[in-house]
Amino acid sequence: MTRGSNRHDVPSQLGDDWINYDCPVESWEYWEGRFGQAFALKLRNAIALAMTDLRTYRKNYDAPAVTENGRRLDAGEIKRALKKAIKNGSYPSQTIARFVVLHSTDSPFASVAEKASQILGGFTEAPEDYLMERARPETLFTRVLCEMFHRHGMNVSLGSAGTLYGKDGMSPEARSKDAPETAFVEFVRRVVAEQSNPSASYCASVRKVIQRCPICSKL
C-alpha cells in the first residue's frame, strides 16, 4: 500500500509527523496469517492514525512539568499566565512557553496568542487533563489497539491465564519456555512496546492492562 493512496479524508501530514499507511511491522499478509482474519482498509487506516498519535504522545510524555523554581504552578497561576500571553503576544516565562508548545502540537503555525487562547479554553473546562499524570505510552496504546481491534471484529483473545500462572504466581514452566503469545499480544509487543523477543512476563503485563479496559475486560 502506498502512503495515503487509499485515504482522502485526512491530510498526509499531522504536525511534523507523516501518517504512514504502511504496515508498521512485517506485512499485512503476515498479520492476517497470524490472526486468521483479513485487515480491512478502515482498520489499517485507523492503525496508521494511532501510530501517528503514539509517536506524538511519546515525544510529549517526558516533557518538563509545569514548575518554576522547583514549585508546581497551580491552575490559577497558569490561567493568569495564559491570559498575559494572549494580551502581549509573548510568553511570560519559559515554563509557560514549554506548557503552550506541549499542548499545541496540532497548531504549529498559530501565533503565540492564538495558541494560548486555544489552550486557555480547554484548560478552563478541564484543568485536570493538563495537570494530572498521564498514562504511559505503552499502557495507553495497548488499550487503544485492543478497543480498535475489538470494534473491527478482530480476535483479541489473550489466551488462557492458566498457561501463564501457577498456584503461587507465574509458573516455572512459563518462565522457562517461549511465552504462549497470541496474535494480538505479539502485535502490541512489536508495534507499541517495540520489543523483539516474547516473554511470559510481557503476556502477563498485557493481560493486566486489558483487564482494566471496560470493552475488553472479559477477554
Accessible area per residue, 1.4 Å probe, Å², for region 67-129: what's the number? 59 Å²
Got a number for carbon plus sulfur as a percent of region 67-129's accessible area, 1.4 Å probe? 48 percent
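Counting Lys +1, Arg +1, Asp -1, Glu -1, what net charge surrounds residue 32 among other residues with beta carbon under 12 Å of its beta carbon?
Numbers: positive: 34, 44; negative: 26, 29.
Every neighbour counted, the sum reads 0.
Which of the peptides 24-31, 205-212 is most tightly packed, and how do the rest follow, going by the mean number of other Cβ atoms within 10 Å of each residue? Walk me through the intermediate numbers first.
Values: 24-31: 14.4, 205-212: 16.8.
Those peptides, ordered most packed to least, come out 205-212, 24-31.
The values are calculated or read from the model by the stated rules, or taken from the named source; none is laboratory data. Just so it is clear, the structure is predicted and the values come from calculations on it, not from any experiment. Reconstructed Cβ throughout: ideal geometry from the backbone, glycine too, with neighbour counts over all protein chains shown. In case anyone asks, the SASA skips ligands and DNA or RNA and just uses the protein heavy atoms, side chains included. Shrake-Rupley method; radii C 1.70, N 1.55, O 1.52, S 1.80 Å.
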